[in-house]
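One structure below.
Only the coordinates and a few stated rules stand behind these numbers; no lab work does. Bear in mind the structure is a predicted one, so any value in this text is a computation, not a measurement. FYI the Cβ positions are ideal-geometry reconstructions off the backbone, even for glycines, and counts take in every protein chain you see.
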Amino acid sequence: MSSTSQKHKEFVAEPMGEKPVMALAGIGEALGGRLESKGFDKAYVVLGQFLVLKKDEELFRDWLKDTCGANAKQQKDCFSCLKEWCDSFL
Amino acid sequence: MSTLSSRSDQELTSLLDQYEIKHGPVVESTRKLYEKKLLDAMSKEEKQGKVKKLSSDKTYYREEETETFFLHPAQHTSPIHYEDFSDGDNSDTQTKYSSVMGTKRSPSKREKFGDLSRQIYSTEATYRNVSQSNPSPLPSSTRSAQEKAPEATRYIPLWFQFLVFLVFAGILYYVFANMETLPKKRLEIKN
């Protein structure tokens, strides 16, 4: 198995546009629902938060954990997904 | 102490820099996260302060215990020794107590360490007890002052902790008491 999931590969392959937050790697239905309830209804809003946290891994992972209760793996997947997307498109 | 949520963004930014926490801009969406980080950093600092205070307290106790054992048998042989000690360091009336305990040597040494540690801690932020920075001649007074400082910042009241402990002890006793009666019951059943 490759180290990144199919979801990750799909997300980083193109600009995110209006993709929903559940398109992010590591963010499933449960986490996605919690994020949406807090106002993070699109992937680009989470991207905004990621950028405001200066793309710092620890800060972003802590924020994700506090906001939607993501576990370590989910945090890591989401962070690496966004980071790679930024490396390509930002 | 004002709550972090009442502070402005600028104040939070400066606090984050003070605690050397890596951070981005303090905006609405990041505020809660930074407040939490600051609270963690503050409580960690307090705990570190407490641990170091307690360890220095422990050395005071140890010194007292060892020295009393030495000095009690020696009391009848060399009473003059006490007077030498008492003249040396302190001029207060309480020297009588401390001379009996024989802790004269220890405070002078410990005070040097205490002063060093105080100097280190006095540069840090706000929750230090001010009385620590004042040179205090007796170990008992510093201990009481230091004990007061952690007490003032307890989150769970002391009486509640004692109550929980007693309830737990009571539960354990109840379980233990029941265990004792069981064998008797078994014997009765067999007969």
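Just checking: which of the helices (runs of 4 or more DSSP H) contained wholly in segment A:3-90 hold 2 or more residues that are in contact with a Leu (Cβ under 7 Å, 6 or more places away or on another chain) and surrounded by 15 or more Cβ atoms within 10 Å (Cβ to Cβ)? Quick ask: steps written out before the conclusion?
Details: elements: A:6-12, A:29-37, A:43-52, A:57-68, A:72-89.
Helices (runs of 4 or more DSSP H) meeting the threshold: A:43-52, A:57-68, A:72-89.
Before we move on, is A:L51 within 21 Å of B:H23 (Cα to Cα), more than 11 Å from the chain's Cα centre (by Cα) and not basic (K, R)? If you could, list the steps in order and put the result at the bottom.
Values: within 21 Å of B:H23 (Cα to Cα): yes; more than 11 Å from the chain's Cα centre (by Cα): yes; not basic (K, R): yes.
It is true that A:L51 is within 21 Å of B:H23 (Cα to Cα), more than 11 Å from the chain's Cα centre (by Cα) and not basic (K, R).
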With the condition kept exactly as written, say whether any residue in segment A:43-66 is within 26 Å of B:V26 (Cβ to Cβ), away from chain B (no Cβ under 14 Å) and not polar (S, T, N, Q).
-> yes
